[in-house]
Amino acid sequence: MAAGAAAGAWVLVLSLWGAVVGDQNITARIGKPLVLNCKGAPKKPPQQLEWKLNTGRTEAWKVLSPQGGPWDSVARVLPNGSLLLPTVGIQDEGTFRCRAMSRNGKETKSNYRVRVYQIPGKPEIVDPASELMAGVPDKVGTCVSKGGYPAGTLSWHLDGKTLIPDGKGVSVKEETKRHPETGLFTLRSELMVTPARGGAPHPTFSCSFSPGLPRRRALHTAPIQLRVWEPVPLEEVLLVVEPEGGAVAPGGTVTLTCEAPAQPPPQIHWIKDGMPLPLPPSSVLLLPEVGPEDQGTYSCVATHPSHGPQESHAVSVSIIETGEGGPTAGEGLDKVREKQTDLSMTEGMVNKKGTEGPRKPGGGRGGAHGAESAQGA
């Protein structure tokens with residue numbers, strides 16, 4: 001009974017020091033104490049034993065014994081012959097050996113291979129997407145893990161199943177950095193996917209960190225659920241002119257609206273008399289203060305990423321003769337460029353608020369804005 005109580009007390013005392021180990025391969029947490037047992041050593045002095053260390057702190061074998069002093073704050077031999085490392089660090093990875101002689105002259109050797117680890121914080125997905133387009137490659141997000149050692153690995157999951165990068169529908173861009181002072185690792189993994197058409201409309205993505213040492217649980221991010229849009233094909237490009245017929249008095253305003261409903265929204269460019277106009281992409285072309293130089297045949301070209309360019313029918317813009325003089329040649333395109341620049345900036349602000357269904361303009365600047373919000377720049 002007394003022997004059992006003494007043994008229990010001994011285990012309790014050693015547990016206060018940290019991990020008490022006797023196996024060949026040891027893992028220790030960074031910043032925690034570690035005790036290595038010298039097998040066969042007498043529990044009390046006098047003792048004949050010697051510890052030899054070959055770690056990241058040494059250029060050759062470092063020798064420690066009960067008769068010698070401690071090695072700074074790195075390690076020291078305890079009264080029972082065990083070796084104490086008060087605070088384990090990355091530089092303490094290496095080999096530890098103890099050779100002890102018992103009272104009856106029997107020699108016992110102990111060999112330890114020590115590796116250290118640090119559990120990082122919970123990984124997270126930064127800059128996540130909110131929606132994806134079927135058939136179009138896009139970024140899901142970037143998984144980040146900070147403060148781990150060894151580096152470990154990051155893995156992506158779709159609806160609970162591990163995603164395997166194939167370079168086509170699934171691709172991953174990885175980055176590993178090590179802190180110059182602490183030696184701890186930061187991992188980043190950017191996921192790109194191309195959702196299949198007709199697939200799940202609301203897929204759930206998550207990411208996990210697996211430590212670089214065995215028997216350690218993986219850490220998981222919070223899942224994110226995205227919406228997958230099915231692309232709407234570009235069937236017809238319709239050009240609407242206001243006023244109807246495109247005929248106005250000198251100095252009047254003509255609004256051309258290119259209707260090309262599709263997902264994702266196509267880019268719209270304009271053509272006059274067979275030549276592209278040097279204007280920013282826009283689904284609305286506003287011709288203010290129409291003069292003779294604005295007369296001609298207009299059309300629009302909608303370019304969709306999965307369908308290519310498609311041109312509308314042509315419409316004519318003409319002036320109703322009143323006998324009054326119009327603006328000089330060359331002034332018309334300058335006015336159009338000025339108005340289109342203002343219009344494009346306004347359309348960009350409208351697009352940030354969401355996308356509505358296409359409608360014909362109600363006339364003037366207000367109608368142009370309504371049509372553009374349906375198409376996008």
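The table below lists the values:
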quantity	calculated
1.4 Å probe accessible area per residue over region 238-319, in Å²	39 Å²
Of all DSSP beta bridges in region 238-319, antiparallel share, percent nearest 5	90 percent
Antiparallel DSSP beta bridges within region 124-229, as percent of all bridges there, nearest 5	90 percent
Solvent-accessible area, 1.4 Å probe, carbon plus sulfur percent, for region 238-319	57 percent
Alpha-carbon centroid distance for the pair region 237-279 / region 63-77, whole angstrom	86 Å
At R0 = 30 Å, FRET efficiency that the Cβ-Cβ distance of T108 and T153 yields, to 0.05	0.15
Contour minus Cα-Cα distance for K161 and A196 (0.36 nm per residue)	11.0 nm
Net dipole in debye of region 202-272 [+1 Lys, Arg Cβ; -1 Asp, Glu Cβ; about Cα centre; nearest 20]	1020 debye
Percent carbon-and-sulfur accessible area, region 110-187, ignoring ligands, DNA and RNA, probe 1.4 Å	49 percent
Principal semi-axes in Å for region 124-229 [√(5λ), Cα gyration tensor, largest first]	27, 13, 11
Spherically averaged projected area in nm², based on the convex hull that wraps the Cα atoms of region 182-293	14.5 nm²
Set K39/K62; K139/K177; K122/K177; K62/K122; K122/K168 screened for pairs whose C-alpha atoms are more than 26 Å apart	K62/K122; K122/K168
For H307, solvent-accessible area (1.4 Å; no DNA, RNA or ligand), Å²	90 Å²
Three semi-axes of the equivalent ellipsoid, region 24-117, Cα gyration tensor, whole Å, largest first	22, 13, 12
Cα pair count fraction exceeding 21 Å, expressed as % - region 238-319	25 percent
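The values are calculated or read from the model by the stated rules, or taken from the named source; none is laboratory data. These numbers were taken from a predicted model, which means no experiment stands behind them. We place every Cβ from the backbone using ideal geometry, glycine too, and count neighbours over all the protein chains shown. Note: areas computed on protein heavy atoms with side chains; ligands, DNA, RNA excluded. Shrake-Rupley method; radii C 1.70, N 1.55, O 1.52, S 1.80 Å.
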